[in-house]
Amino acid sequence: MVVDDDPQVLAAVRRDLRSRYRQEYTVVSAGSGAEALDAARELKSRGDALAMVLSDQRMPGMLGGELLARSRDVYPLARRVLLTAYTDIEAAIKAINEAHVDYYLAKPWDPPEERLFPVIDELLADWQAQSLPEAKGLRLVGHQWATRSHAIKDFLQSNLVPYRWLDVERDPEAKTLLEAAGVTPEELPALFFEDGAVLRDPEPRAVAERLGKSLSASHDVYDLVAVGAGPAGLAAAVYGASEGLRTLLLDGHAPGGQAGSSSRIENYLGFPTGVSGSELTRRALMQAQRLGAEFLAPLEVTGLSVDGGYKRLKLGDGRELVTKTMLVATGMAYREHPAAGVPEHTGGGVYYGAATTEAPAFAGRRVVVVGGGNSAGQGAMYLARYAKDVQIVIRRADLKATMSQYLIDQIAKTDNIRLRPLTELAGVDGDGRVERVTLRSVQDGSCRTEDVEAVFVFIGTRPRTDWLPADVIRDAKGFVLTGRDAMAAEGFSKIWKQQRAPLPLETSVPGVFAAGDVRAGAMNRVASAVGEGSMVVRLAHEYLALT
Ligand SMILES: Cc1cc2nc3c(=O)[nH]c(=O)nc-3n(C[C@H](O)[C@H](O)[C@H](O)COP(=O)(O)OP(=O)(O)OC[C@H]3O[C@@H](n4cnc5c(N)ncnc54)[C@H](O)[C@@H]3O)c2cc1C
């Protein structure tokens, strides 16, 4: 949909867009914000999908930024583009902050082949990756409160597979599908494929196989294997493949790591309007594969042994992989929250991260976010789009020391988010689902019970290093030591038999590198994980030249 009060500009955008996209899309135009919102509601009532709203900023009645913000209520997934004059950068920045626009285009956009189409192509590809025409594609039927349902939802979402979730208790279509296929309640969750095939209560691996994902390595020996496909592993795969190393990337769950679960990363260089974790992951993985890296998931690495210059990786399915160099990029995972009732409800009302996966299921409901870091802030902002009431529970008096100011400001402006300072989660309770939480004051220990339907936990992380042998020296908390830190560690000289010192990101085992959040002293940022992952490729070349 194109919106502009200036008939000439409107006609020009419309002409350019139609010249390129008319085979797949219809271009609808409107002369004002109000007209555009009416047209969007009309499209919605007809059941049509809307891919993009492109609006001029300066319009009488309603500014473009406001229109784009309001269009979210009607079509939350549509991409939003603001058209501004070069001199209007202020307006564009305001709209990015307040209306969450996906892109701003400066007028004029000639030649469109260079300045308009590449942007629109990318935004349409993003939209297509997230949206699925109703009634088509993959459908997952299950109970909202079942751990197994959450596991498959999380698997599909993290692996960037579009699907439609149908709650058996709420969705009439779910019942029809189950009856037609003869699926019993004990067999839920059930995954319905477009070709009529059904998987009953599947394991993620079976889903991956049915989706045609490769789970077998195509070579016997690699130059570089990156274990963990978060930002660090993805960056290593991009640089490894582009610099001529035979590179394999694998992940026990899905690509993206912690960053993949972020609803909006606003501080990664080069994305002025922010980028969702899933979008960054989709692009990075495509880039790595296009350059020649191989990617396998879900495939967990369970052990490592060193055999001369070769590293043997033990895989969760019993097989083995051999590589000359490897990167430990297994990042961090949330630690279980100690409050009573949490284990029984995990995956069924208590979720670790997972705001983007579960938020739509809590539309109009009350939820709690536990934690005061940036991940909690992003989670709360995303949940607030759907939930009626979002409470952020933190032990500190405020968010200043733990959250970036841009998120604190966004939260302050969001009416349905409330901060509960000096408070901790003491218990979760409910009959087969979360119905109540007990919140305890950290000042006087007094408790209050409140009705909420979900708890999203964003605190307590631990490095994922249990699979590494003792020779890979770690600190007391389990983070991997590299370079000089490894050299200074107790027991280093017993393990390290080289004449040289370890390279900067090299661990106490020659040719085994570590990067990103798993490394002692890491910065816990997407950019630093990407930087370290990229550096490892250069260091791997250096190591290979030495051997
Ligand atoms: C919700 C959220 C929001 C965030 N927002 C921001 C932000 O806005 N800006 C910012 O800079 N940072 C942000 N961060 C932090 C950032 O995401 C991390 O610093 C970054 O993801 C670390 O990357 P990594 O590659 O080191 O590890 P991770 O992202 O933790 O990835 C590790 C990967 O290894 C895999 N793995 C683990 N063990 C194994 C095994 N044995 N075998 C195979 N695979 C394994 C995991 O499945 C995972 O995919 C956010 C984090 C979270 C959780």
Of the criteria (1) buried (at least 16 other Cβ atoms within 10 Å of the Cβ); (2) more than 12 Å from the ligand (Cβ to nearest atom); (3) within 23 Å of Val472 (Cβ to Cβ); (4) of a type outside the set (A, V, I, L, M), which one Ser305 fails: (1)
Given segment 465-547, what helices (runs of 4 or more DSSP H) lie entirely inside it while holding 1 or more residues that are surrounded by 21 or more Cβ atoms within 10 Å (Cβ to Cβ) and in contact with a Cys (Cβ under 6 Å, 6 or more places away or on another chain)? none
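Could you tell me which of the residues Ala333, Ala354, Ala363 is surrounded by fewer than 21 Cβ atoms within 10 Å (Cβ to Cβ), modelled with pLDDT under 95 and within 11 Å of the ligand (Cβ to nearest atom)? It would help to see each step written out before you state the result.
Numbers: Ala354 fails: surrounded by fewer than 21 Cβ atoms within 10 Å (Cβ to Cβ); Ala363 fails: within 11 Å of the ligand (Cβ to nearest atom).
That would be Ala333, the only listed residue that is surrounded by fewer than 21 Cβ atoms within 10 Å (Cβ to Cβ), modelled with pLDDT under 95 and within 11 Å of the ligand (Cβ to nearest atom).
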What pairs come up if the first residue lies in segment 375-386 and is of a type in the set (Lys, Arg), the second is within 8 Å of the ligand (Cβ to nearest atom), and their beta carbons are under 7 Å apart, counting only those six or more places apart or on different chains? none
Search segment 247-276 for residues that are in contact (Cβ under 8 Å) with a residue 12 or more places away in the chain and over 23 Å from Lys153 (Cα atoms) and pair each with any residue that is β-branched (Val, Ile, Thr) and near the ligand (Cβ under 6 Å from one of its atoms) when their beta-carbon atoms are under 7 Å apart and the residues are at least 6 apart or on different chains. Tyr268/Val526; Gly274/Ile265
Are there any strands (runs of 3 or more DSSP E) wholly within segment 12-108 with 1 or more residues that are closer than 25 Å to Pro360 by Cβ and in contact with an Asp or Glu (Cβ under 8 Å, 6 or more places away or on another chain), and if so which? 79-85
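Please note which helices (runs of 4 or more DSSP H) are completely contained in segment 204-321 and include at least 2 residues that are over 14 Å from Leu160 (Cα atoms).
Numbers: elements: 204-210, 231-242, 257-260, 277-290.
The helices (runs of 4 or more DSSP H) meeting that bar are 204-210, 231-242, 277-290.
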Looking at (1) under 29 Å from Gly240 (Cα atoms); (2) near the ligand (Cβ under 9 Å from one of its atoms), can you tell me which one Gly318 breaks? (2)
Within segment 463-500, the count of residues that are acidic (Asp, Glu), over 17 Å from Gly303 (Cα atoms) and either touching a helix residue (DSSP H, G or I) at 6+ places or on another chain (Cβ under 7 Å) or in contact (Cβ under 8 Å) with a residue 24 or more places away in the chain (or both) comes to 2
Can you find even one residue in segment 127-136 that is under 19 Å from Arg210 (Cα atoms), surrounded by 15 or more Cβ atoms within 10 Å (Cβ to Cβ), among the charged types (D, E, K, R) and in contact (Cβ under 8 Å) with a residue 40 or more places away in the chain? no
Residue satisfying all of: in segment 451-471; away from the ligand (no atom under 12 Å from the Cβ) and hydrophobic (A, V, I, L, M, F, W, C); farthest from the chain's Cα centre (by Cα) among these: Ala470
Taking Asp431, is it assigned to a loop (DSSP other than H, G, I, E, B) and either at pLDDT 95 or above or of a type outside the set (A, V, I, L, M, F, W, C) (or both)? yes
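The values are calculated or read from the model by the stated rules, or taken from the named source; none is laboratory data. As the structure is a prediction and not an experimental result, all values here were calculated from the model. Glycine gets a Cβ as well: all are built from the backbone with ideal geometry, and neighbour counts include every protein chain shown.
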